[in-house]
Amino acid sequence: TLSSLLQLAGHYYLVLGMRNRTEEVWSEVRAMSKRTGKSLLWILSTSLDAILSLMDGNIEDVVDMAKLIRSRGGEFGVSQAANIMADLADIRAQLYLGRSLETLERMYHYPGAEIFLVLVLAHLGKKHEASDMLERLVVRRPGIGTTEDEVPIYWDASYLEAAILAGHQQASELLLKRFSGTGVRISGYWYPTCIPRHLGGACALLGRYEEARKYYDEAIKVCTETRFRPELALTRLQLAELLLEHYPKEKQEALEHLDFAIKEFREMKMQPSLER
């Protein structure tokens, strides 16, 4: 019970962009795991360490950690729990690396897995399929954006990212309103991502370029403070694209952002972003 509470506390600190507090709380889980030797605590602790490693940009290490979690879970007889914990960081790692996406699509093609599937489809460039799902999951969702809407943050973060990639303006606008003014910075421990980066992407898609710039500036601040290396590089790439397309007088600043992003993508082996 205590480990679950610590896991959730760290999650909500991360949502608010308080990485140092997240690390402090999750270090207690690591200490409990070492002290007790319990298999489930080891799986939980290792999965939380993988999230922090992902944020540091050690993406391939995260893939290896996820494989180890699944392997040890099988040995411990808790494969289902291990698979869930491994996915926390591994899905995002695979998206960054552009690997195994077709495998992920097959794995999550079942009812109840829409949160994963729509994101993978969007990253695969299957815009029509992703858009059809977003119509059901976002556009036709009863009470979206109201106090009665209890869809978790990380679900809507996934839908927002997918909507931008698929070019679905209506879903993007609904989710932009959903997150605006909430103070949410990171989606939490489920395939974490920077929310202001996607709010900037939504504004850019909707032609609200000044708002997009403000959100990108906020995302750079958030990613710097939380030491979220891949998301910082992605934000600076998107800001560079915005400046090059809509602010031609600021080409020099755009190229500086682009040079930074290219170097980071190479070091972190984020091939899809590097190609983009």
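The values are calculated or read from the model by the stated rules, or taken from the named source; none is laboratory data. Source: prediction; values computed, not measured. Don't worry about glycine lacking a Cβ; one is built from the backbone with ideal geometry, like all the others, and counts go over all protein chains shown. Note: areas computed on protein heavy atoms with side chains; ligands, DNA, RNA excluded. Shrake-Rupley method; radii C 1.70, N 1.55, O 1.52, S 1.80 Å.
Within the stretch 1-49, track down each residue that is among the hydroxyl-bearing types (Ser, Thr, Tyr) and over 25 Å from residue 79 (Cα atoms). First the steps, then the outcome.
Just the residues of the stretch 1-49 that are among the hydroxyl-bearing types (Ser, Thr, Tyr), to begin with: 1, 3-4, 12-13, 22, 27, 33, 36, 39, 45-47.
Listed by number, the residues that qualify are 12, 13, 22.
In summary, residue 13 fulfils each of the numbered conditions (1) buried (at least 21 other Cβ atoms within 10 Å of the Cβ); (2) touching a Lys or Arg at 6+ places or on another chain (Cβ under 6 Å); (3) under 19 Å from residue 195 (Cα atoms); (4) free of Cβ contacts under 8 Å to residues at least 60 places away in the same chain with the single exception of condition (1).
In the stretch 187-214, which residues are more than 16 Å from the chain's Cα centre (by Cα) and at negative phi? Across the stretch 187-214, the qualifying residues are 203, 204, 205, 206, 208, 209, 210, 211, 212, 213, 214.
Restricting 176, 137 to residues that are part of a helix (DSSP H, G or I) and farther than 20 Å from residue 231 by Cβ narrows the list to 137. Quick check: anything in the stretch 20-35 surrounded by fewer than 22 Cβ atoms within 10 Å (Cβ to Cβ), within 23 Å of residue 155 (Cα to Cα) and polar (S, T, N, Q)? No, because not a single residue in the stretch 20-35 is surrounded by fewer than 22 Cβ atoms within 10 Å (Cβ to Cβ), within 23 Å of residue 155 (Cα to Cα) and polar (S, T, N, Q). Within this structure, residue 192 fails the test of being buried (at least 21 other Cβ atoms within 10 Å of the Cβ), touching a residue at least 12 places away in the same chain (Cβ under 8 Å) and assigned to a helix (DSSP H, G or I). The set of residues in the stretch 88-129 being farther than 24 Å from residue 189 by Cβ and in contact with a His (Cβ under 9 Å, 6 or more places away or on another chain) consists of 127 alone.
Answer yes or no: is there a residue in the stretch 224-246 that is closer than 26 Å to residue 170 by Cβ, in a loop (DSSP other than H, G, I, E, B), among the hydroxyl-bearing types (Ser, Thr, Tyr) and modelled with pLDDT of 95 or more. No, the stretch 224-246 has no match at all.
So which of 71, 100, 79, 53 is in contact with a Gly (Cβ under 8 Å, 6 or more places away or on another chain) and open to solvent by 10 Å² or more (accessible area, probe 1.4 Å)? Steps first, answer last, please.
Details: 71 fails: in contact with a Gly (Cβ under 8 Å, 6 or more places away or on another chain); 100 fails: in contact with a Gly (Cβ under 8 Å, 6 or more places away or on another chain); 53 fails: in contact with a Gly (Cβ under 8 Å, 6 or more places away or on another chain).
Going through 71, 100, 79, 53 in turn, just one is in contact with a Gly (Cβ under 8 Å, 6 or more places away or on another chain) and open to solvent by 10 Å² or more (accessible area, probe 1.4 Å): 79.
Just one of the listed residues (262, 220) is surrounded by fewer than 19 Cβ atoms within 10 Å (Cβ to Cβ) and touching a residue at least 12 places away in the same chain (Cβ under 8 Å), namely 262. Give the residues of the stretch 208-233 that are under 13 Å from residue 264 (Cβ atoms) and touching a Cys at 6+ places or on another chain (Cβ under 8 Å), sorted by residue number. Result: 223, 228, 229, 231, 232. Residues to consider are 53, 79, 131, 47; find the one that is hydroxyl-bearing (Ser, Thr, Tyr) and under 20 Å from residue 271 (Cα atoms). Matching residue, one of 53, 79, 131, 47: 53. For the stretch 200-215, a residue qualifies if it is open to solvent by 10 Å² or more (accessible area, probe 1.4 Å) and either under 22 Å from residue 21 (Cβ atoms) or assigned to a helix (DSSP H, G or I) (or both), and the qualifying residues are 204, 205, 209, 210, 211, 213, 214, 215.
Can you confirm whether residue 88 is open to solvent by 20 Å² or more (accessible area, probe 1.4 Å) and within 24 Å of residue 40 (Cα to Cα)? Walk me through how you get there before you give the answer.
Numbers: open to solvent by 20 Å² or more (accessible area, probe 1.4 Å): no; within 24 Å of residue 40 (Cα to Cα): yes.
So residue 88 does not fit the description; no.
Starting from the stretch 51-78, keep only residues that are more than 19 Å from residue 33 (Cβ to Cβ) and touching a residue at least 60 places away in the same chain (Cβ under 8 Å), then list their pairs with residues that are among the aromatic types (Phe, Trp, Tyr) and in a helix (DSSP H, G or I) whose Cβ atoms are within a distance under 7 Å, requiring at least 6 positions of separation or different chains. Between residues of the stretch 51-78 that are more than 19 Å from residue 33 (Cβ to Cβ) and touching a residue at least 60 places away in the same chain (Cβ under 8 Å) and residues that are among the aromatic types (Phe, Trp, Tyr) and in a helix (DSSP H, G or I), the close pairs are 59/96.
Assess whether residue 161 counts as being surrounded by 23 or more Cβ atoms within 10 Å (Cβ to Cβ) and in a helix (DSSP H, G or I).
Numbers: surrounded by 23 or more Cβ atoms within 10 Å (Cβ to Cβ): yes; in a helix (DSSP H, G or I): yes.
Judged against the criteria, residue 161 is a match.
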